[in-house]
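Presented below is the structure to which this report refers.
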Amino acid sequence: MLLQGKVAIITGAASERGIGRATAVTFANHGARVVILDLDESAARDAAAALGEGHLGLAANVADEAQVTAAVAKVIEQYGRIDILINNAGITQPIKTLDIRSGDYDKVLDVSLRGTLVMSQAVIPTMLAQASGSIVCMSSVSAQRGGGIFGGPHYSAAKAGVLGLGKAMAREFGTANIRVNSIAPGLIHTDITGGLMQDDRRHAIIESIPLGRLGTAQDVANAALFLASDLSAYLTGITLDVNGGMLIH
């Protein structure tokens, strides 16, 4: 098992068919103690319980420093360490540039970008004390290709910011043996995307993907496992594309 004895926090992982939940299951299957952090405390606890014994579900808004600090303190109290952080929490809005209002901007940027920073700030001191850690930041192909799928321009901007933040943290903390990498998923079939795609649009998108299918949450979870584990021990500051060839660059 690749994560035996490791403690991993995964944000936004309570949704049953989302990327975060698939990552949580995969990590638990590889021996990690998993902490599911989500806005909905009941859903987070249920999701953690579904993984088996020894896992933890906590509530926190990732953009709220006080809530994040309190949640991370509970993780340290229970497990004594934090080895892995998966910054998965994020929201999207399929609106155009001229329709973006300040509330829309704040909502999307706060969760995806501010949340990635706040969560990382909360766990890095523990990782520094351990002289080890792996942080994985969830971006999107929208950041690389300028949107054009479901997320609006502010979503693309937030996810592009995640890439820049991840690279900067990788450079800053590499000497402390803390690795920071990003994943840029393409179009992944989840409850959210499934509700936004009609059959004709789905077929058109699939035809543009060299591997001929939409991605699954498990595809992304496997990439997160690679970046979280020692299989990627000499990788930091990278962006791992999981898009079936939708964007080749």
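Exposure proxy shown here: for SER156, SER182, SER112, the number of other Cβ atoms within 10 Å sets the order, fewest to most, as SER156, SER182, SER112.
Among the listed pairs LYS6/LYS107; LYS74/LYS159; LYS107/LYS167; LYS107/LYS159, a Cα-Cα separation exceeding 25 Å is found for LYS6/LYS107; LYS74/LYS159.
Each 5 Å bin from 0 upward holds the following percent of the Cα-Cα pairs of the chain: 1, 7, 14, 19, 21, 17, 11, 6, 3, 1, 0.
Roughly how compact is segment 20-120, stated as its Cα Rg over 2.2 N^0.38 Å to two decimals? Don't skip to the end; give the middle numbers.
Details: Rg = 15.0 Å, N = 101, 2.2 N^0.38 = 12.7 Å.
Dividing the Cα radius of gyration by 2.2 N^0.38 Å gives 1.18.
Please determine, in degrees from 0 to 90 and to the nearest 10, the orientation of helix 217-228 with respect to the longest principal axis defined by the Cα atoms of the chain, where the helix direction is its Cα long axis. Between helix and principal axis, roughly 40 degrees. For SER229, the shell of other residues with beta-carbons less than 14 Å away shows a net charge of 0, using +1 for Lys and Arg and -1 for Asp and Glu. Placing +1 on the Cβ of every Lys and Arg and -1 on the Cβ of every Asp and Glu, with nothing else charged, gives the chain a dipole about its Cα centre of roughly 480 debye.
Peptides 105-111, 20-26 ranked from most to least packed by the mean count of surrounding Cβ atoms within 10 Å: 20-26, 105-111. PHE27 sits among other residues whose Cβ lies under 10 Å from its own Cβ, and their net charge, with Lys and Arg +1 and Asp and Glu -1, is +2. Placing unit charges on each Cβ (+1 for Lys and Arg, -1 for Asp and Glu) gives the chain a dipole about its Cα centre, and among LEU165, ALA13, SER112 the Cα reaching farthest toward its positive end belongs to LEU165.
Every number here is computed from the coordinates shown, using simple stated rules; none is lab data. Note that the structure is predicted; figures quoted are calculated from it, not measured. Backbone-built Cβ (ideal geometry, glycine too); neighbour counts: all protein chains shown.
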